[in-house]
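In what follows, a structure is listed as structure tokens, so that the remarks can point back to it.
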Amino acid sequence: MRSPMVISNNSGGDVTVARLESKSGRVHIFISLYLPYERPDPPGHEVEELLEDLADKGHLIIGCDANAHHFQWGSNDTNVRGWIDTMLSSRIINSSIGEIYIRKSVMRGTPQGGVLSPLLWLLVINNIIMDLEVTGTKVVAYADDVVLLIAGKFVQTISDLMQGALVTLSRWARRNGLGVNPSKTELVLFTKRRKYPTFTPPKLDGVRLNLSLEAKYLGTILDHRLSWKRNTEERAKRGSVKPPLCHFLQVIHKHYSEKNQQKWLDEIGCTIPKRIWPTLSEKRTRSLMSLSKPDLKLVVGIITGHCKVRAMTSKWDSDGIDYCRICQDEEEIETIEHLLCHCPALINVRHRLVGELVSHDLSSFSNTDPVVILQLARRLKWLKTTRQTPQP
Ligand SMILES: [Zn+2]
């Protein structure tokens, strides 16, 4: 094929004529022209003249734009087609930084943020989406962010199918004057398999794609196990409270903490818990709430005294025996305070758990983690079952 040659005699204005000759001597005449449709006798005398001049010079191929009209091209009015054509081919961008000013014609793409831009792009991309879907590739596309999905049991087969889809996509892009960028392409194998399978990743435009463990699509992080953990972490990080809102929250938090503290101290009843835990603590509440229901019941029984210590059971039973079952000291009533603070038979247990041989007051346990109290309660398991022989 020899280089095309513009036939200047027939070109000019809205007409361009080029001659192309193949190696075998076959001649093609390409004509591109604009025909303002509002002329009374389309296709107009220009076409008739071209046909007369060039019909015997070779095979004629005529491309004409006959239904777009715009004031800018000298038409009497502007229609939708003319408006779109102008938007795509007659855009001018003005840009300035300081004293530098640039004015440039833009002949490609659609305006960023233009109302019509997404629709025009859909008209362009629609064919490739349909072509790929026919081959079994699921396509998810939002503007120019395209995801190709292939599901299957055998990883290498999936990779081979993806290779075919990428070749199709790459060819389409080239045909349409577009480019695909391997370095901006993420390849993720989504699998719940314990052992991550090995396979040969496909290539895009001759570049072997790197396998990633996650991909970000429209702001969402998709991890290879689809656990959403990474996405949740990222959201939490972005949503973390920043000053000055943070300061307001601290003020609000302090206000309600003080209010709740006063409410707790003003509470009628709850004598033992208020002596053990006079100050409210979020950390302790969290620790309590992390316990299982039976363990929580056990700890609450201890700190409220509402468990089967003899000080309580002797009120219900007719025997009236209320002395400590552990130290067997008939002078000592079996109360929570005695068990936690003074019972000589529990010295070792108390020392191991709270670091004291004898506690003077229940408030010694104010900073003790509920888990430690639970251990003590477990040691005194007869508290919840009663009638069993205590074994300190
Ligand atoms: Zn005792």
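Any read-out appearing in this document is the output of simple, stated calculations on the displayed coordinates, not a laboratory observation. Source: prediction; values computed, not measured. Every residue, glycine as well, gets a Cβ built from its backbone with ideal geometry; the counts of neighbours run over all protein chains shown.
Note on the chain: dipole from Cβ charges, positive end direction compared against 307, 161, 291; the farthest Cα belongs to 307. Relative to the longest principal axis of the Cα atoms of the chain, the long axis of helix 80-89 makes an angle of roughly 80 degrees. Computed about the Cα centre, the dipole magnitude for the chain is approximately 1860 debye when only Lys and Arg (+1) and Asp and Glu (-1) carry charge, each at its Cβ.
The relative contact order of the chain, computed from alpha carbon pairs under 8 Å that lie at least 6 residues apart in sequence, is 6 percent. Is the shape of the stretch 130-284 rounded, prolate or oblate, going by the alpha carbon gyration tensor and its root eigenvalues a ≥ b ≥ c, with a/c under 1.5 for rounded and a/b larger than b/c for prolate? The shape class here is prolate.
Across the stretch 178-206, no residue has a backbone nitrogen under 15 Å from the label position 7 Å along the beta-carbon direction of residue 232. Expressed as a fraction of 2.2 N^0.38 Å, the C-alpha radius of gyration for the stretch 83-207 is 1.38.
In terms of overall dimensions, the stretch 146-237 has a Cα radius of gyration and Dmax of 14.4, 43 angstrom. Helix 117-134: angle to the longest alpha-carbon principal axis of the chain, degrees 0 to 90, nearest 10? The answer is roughly 80 degrees.
If we sort 328-335, 166-173 on the protection proxy, mean other Cβ atoms within 10 Å, highest first, what's the order?
Top to bottom by mean Cβ count within 10 Å: 166-173, 328-335.
I'd like the FRET efficiency for residue 254 and residue 142, computed as 1/(1 + (r/R0)^6) with the beta carbon distance as r and R0 of 35 Å, rounded to 0.05.
Details: r = 45 Å, r/R0 = 1.29.
According to the calculation, E is roughly 0.20.
Taking the helices alone, the chain has a mean residue ellipticity at 222 nm of -11500 deg cm²/dmol, built from -39,500 (n - 2.57) per DSSP H run of at least 4 residues and averaged over all its residues. A convex hull fitted to the Cα coordinates of the stretch 280-384 yields 96 cubic angstrom per residue. Going by a ≥ b ≥ c, the root eigenvalues of the Cα gyration tensor, does the stretch 10-164 fall in the rounded group (a/c under 1.5), the prolate group (a/b larger than b/c) or the oblate group? Judged from the Cα gyration tensor, the stretch 10-164 comes out oblate (a/c at least 1.5, b/c at or above a/b). Distances between every pair of Cα atoms in the chain, grouped in 10 Å steps from 0 to the bin holding the largest one, split as 4, 13, 13, 12, 11, 11, 9, 8, 6, 5, 5, 3, 1, 0 percent.
FRET efficiency for the residue 119 to residue 220 pair, using the beta carbon distance and R₀ = 25 Å, is estimated at 0.50. Dimensions of the stretch 4-101 based on its C-alpha atoms, expressed as ranges along the principal axes with the largest first, amount to 57, 37, 20 Å. Placing R0 at 25 angstrom, the Cβ-Cβ distance between residue 292 and residue 267 gives a FRET efficiency of 0.40 after rounding to 0.05.
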